[in-house]
Amino acid sequence: MSSRAPTSDAFILAAKQCEIGILEELTETCDVVTAISELVHELQRERALSNIHLVSHGERLVPQRRQQIERCQHQEERLRHLLSRRYLNRPPDHTTMPLLNTIALVLQGMDGLPALRREISDLAMGPEDATFAFRRLIAGLLSVVFHAADVASEPIITRTLVALFNFMQGKEYAGQERAWGSIGFATGQFNREWGERIDQLQELQNRSFEDFLRFAGDALETQWRRHEADACNTDLNRLRALIERLCQGDSIDSEISEVWYEVATRRIDGLRAIETALTTALQQTCREQLTRARHDLRFQQSRLSDLVHHQTPLTLLFDTRALPFTDHFQRRDIASPEQARSVYELMLGQAEQIKQMEEALEDARRALRERKQIEKAKGLLMSQMGLSEEQAYARMREKAMQNNQRLAELAVTLINAAEAARERAGNLKR
């Protein structure tokens, strides 16, 4: 019969090798996320240029739009390559099924880009429809980032992914504000509905950036504060105030659309610098964690080859530090000079590391669960009441303030009410 020690050795090393495999996959996932952030940034700029192209009847910013399309195509090709390498060259597991479905839908959306661009070039659609199409595609790309954060199991990487997702979401709302502002200034006037939409987009930005700051480190928070103090934000706020006045019925020279585009783009480029710092930190963290795990594996292999086992299997049963075993037994005094060199201590150290990782993950996963609930509740209001995303969020925020509730708590209430209503309707049909 084989001894117990080699079996313990094998599983200790297998656990560390599993961690390395997870980190290798996370490193590739972070490469995908970085490519998504780059493509989204280029699509946001193309969206704004396309709006000005449409509203000006094809007279303004034509060369810039053509160059921007080329940049988008380059980033799209790179992303497709990384998606294929990351997800199609290995057997999928159940945790990646929602992510793979989302990627399939996103790729379908990207397949439609050439036709969308032709219609915009031919002035065959309005700027509102073009904005909606770009917004849908970008929302799909952001969903890929969300799923990547949701299935990540390394605390530091998960927190950075959550920070990045919220930052990208806030930057997308800034991009939508630029797009709608471009339409309004290019037509020379704003109506009240457009003004309200821009106000709501500013509120959505604020919420997303607040969530980003919850998970960002000190260096990124400092960079954010510097960005907020930049002169481009002062210029943007002046133009926002102008929009408020124009919503009263005044008109303005349409050439100011290029001023708005330039100011809003300077601000978004500043956001992009922070986003780049985030993706750089993400990739660096992945590399550092992978290097650490590989070093730990080599250390364990070396240590195990020299160890002499001093404990019997009963040691495990009487030590309350050992999980998942309970602490119903009184712990014996098992300390000894040799114990620090034992396989058993390696097992305890690895178990404690896993426990700490799970505790550190909980805060980030709670934030993701709350985001899911808010998005689901927002979708219910949109479908039930025919509201836009911005209107649904404004309605939820107002109701939460009235009830003195957190937004996530209100979202759960709305979801439960909708499920109860569906259940009652089902019972009536029986």
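Other residues with beta-carbon under 10 Å from the beta-carbon of ARG45 carry, at +1 per Lys or Arg and -1 per Asp or Glu, a net charge of +2. Surface analysis of region 113-223 yields an accessible area of 34 Å² per residue, using protein heavy atoms and a 1.4 Å probe. Measuring spread by the Cα atoms of region 154-285 yields a radius of gyration and Dmax of 16.2, 54 Å. Sequentially through region 192-209, phi angles give Karplus couplings (6.51, -1.76, 1.60; θ = phi - 60°) of 5, 4, 5, x, 5, 4, 5, 4, 5, 5, 5, 5, 5, 4, 4, 5, 5, 5 Hz, Gly and Pro residues having no value and appearing as x. Under the shape rule built on the C-alpha gyration tensor, where the axes satisfy a ≥ b ≥ c, region 185-256 is prolate, since a/c reaches at least 1.5 and a/b is greater than b/c. Each part gets one Cα centre, and for region 180-225 versus region 5-84 those centres are 23 Å apart. As a length-normalised measure over Cα pairs under 8 Å and 6 or more apart, the relative contact order of region 80-228 settles at 23 percent.
Most tightly packed first, judged by the mean number of other beta-carbon atoms within 10 Å of their residues, the peptides 198-206, 142-150, 166-174, 412-420 read 166-174, 142-150, 198-206, 412-420.
Each of PHE190, PHE209, THR160 was placed along the dipole of region 137-244 (beta-carbon charges, centred on the mean Cα), and the one lying farthest toward the positive end is PHE190. Each residue of region 268-276 was assigned a 3J(HN,Hα) from its phi angle through the Karplus expression (A = 6.51, B = -1.76, C = 1.60, θ = phi - 60°), giving 5, 5, x, 5, 5, 4, 5, 4, 5 Hz with x at Gly and Pro.
Of the solvent-accessible surface of region 26-89, computed with a 1.4 Å probe over protein heavy atoms with every protein chain present, carbon and sulfur atoms account for 45 percent.
The local environment of GLN283, defined by Cβ-Cβ distances under 12 Å, has a net charge of -2 under the rule Lys, Arg +1 and Asp, Glu -1.
In plain terms, the bigger the Kirkwood radius, the slower the diffusion; for region 24-124, with that radius from Cα pairs, at 25 °C and 0.890 mPa s, Stokes-Einstein puts D at 163 µm²/s. With θ taken as phi - 60° and the Karplus curve 6.51 cos²θ - 1.76 cosθ + 1.60 applied, the whole-hertz 3J(HN,Hα) list for region 386-396 is x, 8, 6, 4, 5, 5, 5, 5, 4, 4, 5 Hz, x standing for glycine and proline. Given axes a ≥ b ≥ c from the Cα gyration tensor, I'd like to know whether region 86-179 is rounded (a/c under 1.5), prolate (a/b larger than b/c) or oblate. Oblate shape, in that a/c is at least 1.5 and b/c is the bigger or equal ratio. In the distance distribution for region 253-298, Cα-Cα pairs more than 18 Å apart total 57 percent.
The values are calculated or read from the model by the stated rules, or taken from the named source; none is laboratory data. None of these values were measured; they are calculated from a predicted model. Quick reminder, even Gly has a Cβ in these numbers, built from the backbone with ideal geometry, and neighbours come from all protein chains shown. Quick note on the areas: whole protein, heavy atoms, side chains included, nothing else; ligands and nucleic acids left out. Shrake-Rupley method; radii C 1.70, N 1.55, O 1.52, S 1.80 Å.
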